[in-house]
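K.L.:
Below is the structure I would like to discuss, written out as structure tokens.
Throughout, read-outs are computed from the coordinates displayed, never taken from laboratory work. Predicted model only: the values in this text are computed from it and were never measured. Neighbour counts are summed over all protein chains in view; Cβ atoms, including those assigned to glycine, are modelled from backbone coordinates with ideal geometry.
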Amino acid sequence: MNSNTIKVAHLKEMLDQVLSNLAESGIEKIEVNDDYYWLIEDASLYDAYKQSVPVMGQLSEDMEFLTKEKIDNFPASFVLAKLSHLLRYVSYKQEVKTV
């Protein structure tokens, strides 16, 4: 994989593997004991030379959106951002065996 590109197929393969590892470990759900998180807004997230002010996000809001909305009606970038917040939480709260 070229270090300056992200192949969607490779990303899908990695996510599938990690989620399969969770399932194989007998983990069917992950308890969410925290709700709020800090978030750097998209405009300055990847500009290391710009001072950023974090804002608060809410996991329960992200989960509600992803379970109640028809995600096909929203841009993929918006849905991916919501998913990324949940995946980050799982990464901090759940030990997953090496892929």
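K.L.:
What is the stretch 1-89 by shape, rounded, prolate or oblate, if you read a ≥ b ≥ c off the alpha carbon gyration tensor as root eigenvalues and call it rounded for a/c under 1.5, prolate for a/b larger than b/c, and oblate otherwise? Walk me through the numbers before you get to the answer.
P.N.:
On the way: a/c = 1.59, a/b = 1.15, b/c = 1.38.
Oblate is the answer for the stretch 1-89, as a/c is 1.5 or above yet b/c matches or exceeds a/b.
K.L.:
At a Förster distance of 22 Å, what's the computed FRET efficiency of residue 15 paired with residue 36, Cβ-Cβ distance as r, to 0.05? Please report the intermediate quantities before stating the final value.
P.N.:
Details: r = 25 Å, r/R0 = 1.13.
E between residue 15 and residue 36, to the nearest 0.05, is 0.30.
K.L.:
Among the lysines, select those whose C-alpha is under 21 Å from the C-alpha of residue 12, and discard any that sit fewer than 8 residues away in the same chain.
P.N.:
The reachable lysines, counting only those whose Cα sits under 21 Å from residue 12, are 29, 70, 82, 97.
K.L.:
Calculated from DSSP H runs of 4 or more alone, at -39500 (n - 2.57) each and per residue, what is the 222 nm mean residue ellipticity of the chain, nearest 500?
P.N.:
Numbers: 4 runs with 49 residues, N = 99.
Calculated at 222 nm, the ellipticity per residue is -15500 deg cm²/dmol.
K.L.:
Based on alpha-carbon centroids, what's the gap between the stretch 1-42 and the stretch 54-70 in Å, whole number please?
P.N.:
A separation of 16 Å, based on Cα centres.
K.L.:
Using a basic spin-label model with each label point 7 Å from the Cα along Cα→Cβ, how many nm lie between residue 86 and residue 56?
P.N.:
2.2
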